[in-house]
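Below is one structure, written out as structure tokens; comments come after it.
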């Protein structure tokens, strides 16, 4: 009978030790998982920041190119207006001379 009680006590002690060991291992697993999650989060944030910077740079370059096109178009329009104004001035001068000669 004593042997049976001793075996039961030993089995309970062994079970408690296994439970304590399992608790320690579980805590270590949770800590490791948290560390890995932080590393993944950091990596995701870094990648998102890089992508955002690339998108901003792309938009900046596209905006610069669009501004260049608008300026070029504006310059062409100014040149066209200058030509028209010069033609109108020449026509007005010709008409003025014709009026003076015709008087």
What FRET efficiency do you get for residue 70 and residue 37 if R0 is 35 Å and r is their Cβ-Cβ distance, rounded to the nearest 0.05? 0.15
With only helices counted (DSSP H, runs n ≥ 4, each -39500 (n - 2.57)), the per-residue ellipticity at 222 nm for the chain, to the nearest 500, works out to -37500 deg cm²/dmol
Compute the acute angle (0 to 90°) between the alpha-carbon long axis of helix 2-102 and the principal axis of greatest extent of the alpha-carbon atoms of the chain; round to the nearest 10°. 0
Residue 86 versus residue 16, label points 7 Å from Cα toward the beta carbon: distance in nm? 10.6
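FYI, it's all coordinate maths here, none of it is from the lab. A quick note: this is a predicted structure, and the numbers were derived from the prediction, not measured. Every residue, glycine as well, gets a Cβ built from its backbone with ideal geometry; the counts of neighbours run over all protein chains shown.
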